[in-house]
Structure formats: C-alpha cells, structure tokens
Amino acid sequence: MATPNRLCMGLLLLGVLGALQTPAPAQAALQPNFQEDKFLGLWFTSGLASNSSWFLEKKKVLSMCKSVVGPAADGGLNLTSTFLRKDQCETRTLLLRPAGPPGCYSYTSPHWSSTHEVSVVETDYETYALLSTESVRGPGQDFHMATLYSRTQTPRAEVKEKFTTFAKSLGFTEEGIVFLPKTDKCMEERT
C-alpha cells in the first residue's frame, strides 16, 4: 500500500499516477498573453480536483507539496517537486515541454509512459495559478485534473473560491475537490 506522502507526489506531478475516471466535459482555455518568466519560481500545490476513483479514495490522506518551476536547457520548464515520503524529504523533477501556444506544456508520465498535456489556464503570477491536466491512455482511460498553485502555503479565501469555480467549470464535483492541508516538513518557502 502506498504511503500518504507518495500519494501526494503522484497527484502533485499533475496526474503522474492518474487512474480511470469519468470524463470532465469542458475544455480549459489558456492564460491570455502567458508570460513564462513570471511563472517561474516557488509554488505550493494547494488544491486538486479530479473525478478519478483513485483520487476520491485517497484524497483524505494527501498533504501540500512544494514545487519550483525553472527554465530547462531545451526551452521547456523543469518542475521540481518536494514532498515528504517515509519521514524524509524526496525531490523529483519533470520536464515540461512546450506543446502549442504559450502556457501549454506536455510531459511523459514516468509511471504510465503516457503523455500528459498541462495548461496554465489562469494566473496573476504573484498569488495563484490554475492548471488543467489531461491525458488519454486508452479507451475509457481519460485522465483530467485541476490544480491550484499558490505562492504561499495559505491561499486567500477568494483564491480558493476561484479554484472551486474553475474546477466545477471543468465538470468536477464538490466531492472531487480538495484543499491540501499544510505540513511543516519539506516546505521551506525558498527557491
């Protein structure tokens, strides 16, 4: 059985450990005039939404994770995520490759070897970012997730409400939306 911290990492990495789910009917738009240089830096995964049966079963044991977004040598982005696993901090990095207009990226899941499309749907760069992740691994195996990134471990109430509205607009239900609890371990607010 996976530890709660390992579960957090799976979800943090934008669906790396995605599972079967009912489809989310709506398609998310991209942040207009996305400015990648302003998106770089420290983010906390503060909220997640999914209709995945796996996510619904495990969401109560998840906790906040820390990510640093930095430029990659090939023009993409490195997403370096730190989380607590077996009482120790563990760090993993994903390469997000440009996949269309600015704010749209793709990565290959190390767990499923499937391609995931990640879109920065909305951000003010200084407080929050709303992301949408999608992948298809086969018939009936679509994966959809909404993610709230926050520059601090305590997102404002209006940001949480914005995320809830965003997740619902993608077809997620209240049951499929979770705000991750803060943790003191592995969460230093430095880049």
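With the structure loaded, tell me whether residue 94 is touching a helix residue (DSSP H, G or I) at 6+ places or on another chain (Cβ under 8 Å) and among the aliphatic types (A, V, I, L, M) or whether it fails that test.
Against the criterion (touching a helix residue (DSSP H, G or I) at 6+ places or on another chain (Cβ under 8 Å) and among the aliphatic types (A, V, I, L, M)), residue 94 does not qualify.
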note = A careful count of residues in the stretch 162-179 that are within 15 Å of the chain's Cα centre (by Cα) and either open to solvent by 80 Å² or more (accessible area, probe 1.4 Å) or within 17 Å of residue 62 (Cα to Cα) (or both) gives 4
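Results for (1) modelled with pLDDT under 90; (2) in contact with a Ser or Thr (Cβ under 6 Å, 6 or more places away or on another chain), shown as yes or no for each residue.
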{"position": "67", "(1), (2)": "no, yes"}
{"position": "136", "(1), (2)": "yes, no"}
{"position": "144", "(1), (2)": "yes, no"}
{"position": "170", "(1), (2)": "no, no"}
task = Please state which one of 145, 187 is open to solvent by less than 30 Å² (accessible area, probe 1.4 Å) and part of a loop (DSSP other than H, G, I, E, B).
result = 187
key: Only listed residue being of a type in the set (A, V, I, L, M), within 15 Å of residue 131 (Cα to Cα) and at pLDDT 95 or above, chosen from 30, 40, 14   = 40
remark   = Output for Cβ contacts, cut-off 8 Å, separation at least six or different chains, first residue without any contact (Cβ under 8 Å) to a residue 24 or more places away in the chain in the stretch 104-133, second aliphatic (A, V, I, L, M) and part of a loop (DSSP other than H, G, I, E, B), reads 106/99; 117/99
inquiry  = Here is a check on your reading of the model: is residue 23 more than 23 Å from residue 110 (Cβ to Cβ), open to solvent by 60 Å² or more (accessible area, probe 1.4 Å) and at pLDDT below 80?
reply    = yes
message = Among the numbered criteria (1) open to solvent by 10 Å² or more (accessible area, probe 1.4 Å); (2) more than 17 Å from residue 163 (Cβ to Cβ), which one does residue 109 miss?
response = (1)
query = Would you pick out the residues in the stretch 107-131 that are farther than 16 Å from residue 39 by Cβ and touching a strand residue (DSSP E or B) at 6+ places or on another chain (Cβ under 9 Å)?
reply = 108, 109, 110, 112, 114, 115, 116, 117
query = Among (1) free of Cβ contacts under 8 Å to residues at least 40 places away in the same chain; (2) buried (at least 20 other Cβ atoms within 10 Å of the Cβ); (3) not small (Gly, Ala, Ser), which single condition is residue 65 missing?
reply = (1)
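A quick yes/no check of all residues on (1) within 18 Å of residue 67 (Cα to Cα); (2) part of a loop (DSSP other than H, G, I, E, B); (3) open to solvent by 20 Å² or more (accessible area, probe 1.4 Å); (4) among the hydroxyl-bearing types (Ser, Thr, Tyr):
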site: 83; (1), (2), (3), (4): yes, no, no, no
site: 89; (1), (2), (3), (4): yes, no, yes, no
site: 93; (1), (2), (3), (4): yes, no, yes, yes
site: 97; (1), (2), (3), (4): yes, no, yes, no
site: 133; (1), (2), (3), (4): yes, no, no, yes
site: 160; (1), (2), (3), (4): no, no, yes, no
site: 181; (1), (2), (3), (4): yes, yes, yes, no
ask   = Across the stretch 112-131, which residue is least open to solvent (accessible area, probe 1.4 Å) among those that are assigned to a loop (DSSP other than H, G, I, E, B) and out of contact with any Lys or Arg (no Cβ under 7 Å at 6 or more places or on another chain)?
value = 124
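The values are calculated or read from the model by the stated rules, or taken from the named source; none is laboratory data. The shown structure was predicted, so the numbers you read here are calculated from the model rather than taken from an experiment. Methodologically, a virtual Cβ is constructed for each residue, glycine included, from the backbone with ideal geometry; neighbour enumeration extends over all protein chains shown. Just the protein is used for accessible areas: all its heavy atoms, side chains included, with ligands, DNA and RNA removed. Shrake-Rupley method; radii C 1.70, N 1.55, O 1.52, S 1.80 Å.
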